1. Counting just the residues of region 95-111 that are more than 10 Å from the ligand (Cβ to nearest atom) and at pLDDT 90 or above, which one comes out nearest to Val33 (Cα to Cα)?
2. Output yes when any residue across region 64-77 is farther than 30 Å from Ala105 by Cα and at pLDDT 95 or above, and no when none is.
3. Being among the polar types (S, T, N, Q), assigned to a helix (DSSP H, G or I) and surrounded by 13 or more Cβ atoms within 10 Å (Cβ to Cβ), is that true of even one residue in region 44-55?
4. Collect the residues in region 68-94 that are assigned to a strand (DSSP E or B) and within 16 Å of the ligand (Cβ to nearest atom), keeping them in residue-number order.
5. Please identify the pairs in which a residue from region 88-103 that is assigned by TED's automatic domain parsing to the domain that holds Arg35 and touching a residue at least 12 places away in the same chain (Cβ under 8 Å) has its Cβ atom under 9 Å from the Cβ atom of a residue that is more than 9 Å from the ligand (Cβ to nearest atom) and among the aromatic types (Phe, Trp, Tyr), counting only partners at least 6 apart or on another chain.
6. Can we say Val33 is within 16 Å of the ligand (Cβ to nearest atom), within 14 Å of the chain's Cα centre (by Cα) and not in a loop (DSSP other than H, G, I, E, B)?
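The values are calculated or read from the model by the stated rules, or taken from the named source; none is laboratory data. Note that the coordinates shown come from a computational prediction; the quantities given were computed from them, not determined experimentally. Cβ sites come from the backbone with ideal geometry, for glycine too, and all protein chains shown count toward neighbours.
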Amino acid sequence: MHELSMANSIIETVLSEANRRNAKAVLEVHLVVGRYTMLGPDQLRYCYKLLTKDTPLEQSRLRIEHEEGRVRCGRCGFEGPIQLREEPQYHLTLPTLECPICEGAVEMVAGRSCYIKSVRLRT
Ligand SMILES: [Zn+2]
């Protein structure tokens, strides 16, 4: 389960930071979740609640901010939202990694990761 291991690594990171600063409790964890991480926010919250029981994070609020996908083209320098292409034969709309300006290959620069933006501690 993807969400469980992600929640686990987030909690470990926050706990070690809380320990390092001698915090008594964690008040809030602000998380950024990319649209293309395949992480479900509801499952993430559920796992978070489950894993923070009896830890200094138990009463903390989990704030989830969504990050849209962004791409950058190495050839022409285009940077913008990820382009979607319809695949009528499959009735699907899929993200494409093709530059809308020069048709070169683009690199995804946002939307594919999940990271901790900030943590509020009570000391
Ligand atoms: Zn380009």
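1. So, considering only residues that are more than 10 Å from the ligand (Cβ to nearest atom) and at pLDDT 90 or above, the one nearest to Val33 (Cα to Cα) is Gly111.
2. Within region 64-77, one or more residues are farther than 30 Å from Ala105 by Cα and at pLDDT 95 or above.
3. For region 44-55, residues among the polar types (S, T, N, Q), assigned to a helix (DSSP H, G or I) and surrounded by 13 or more Cβ atoms within 10 Å (Cβ to Cβ): present.
4. Scanning region 68-94 gives Arg70, Val71, Arg72, Cys73, Glu79, Gly80, Pro81, Gln83, Arg85.
5. Nothing qualifies.
6. Answer is no for this residue.
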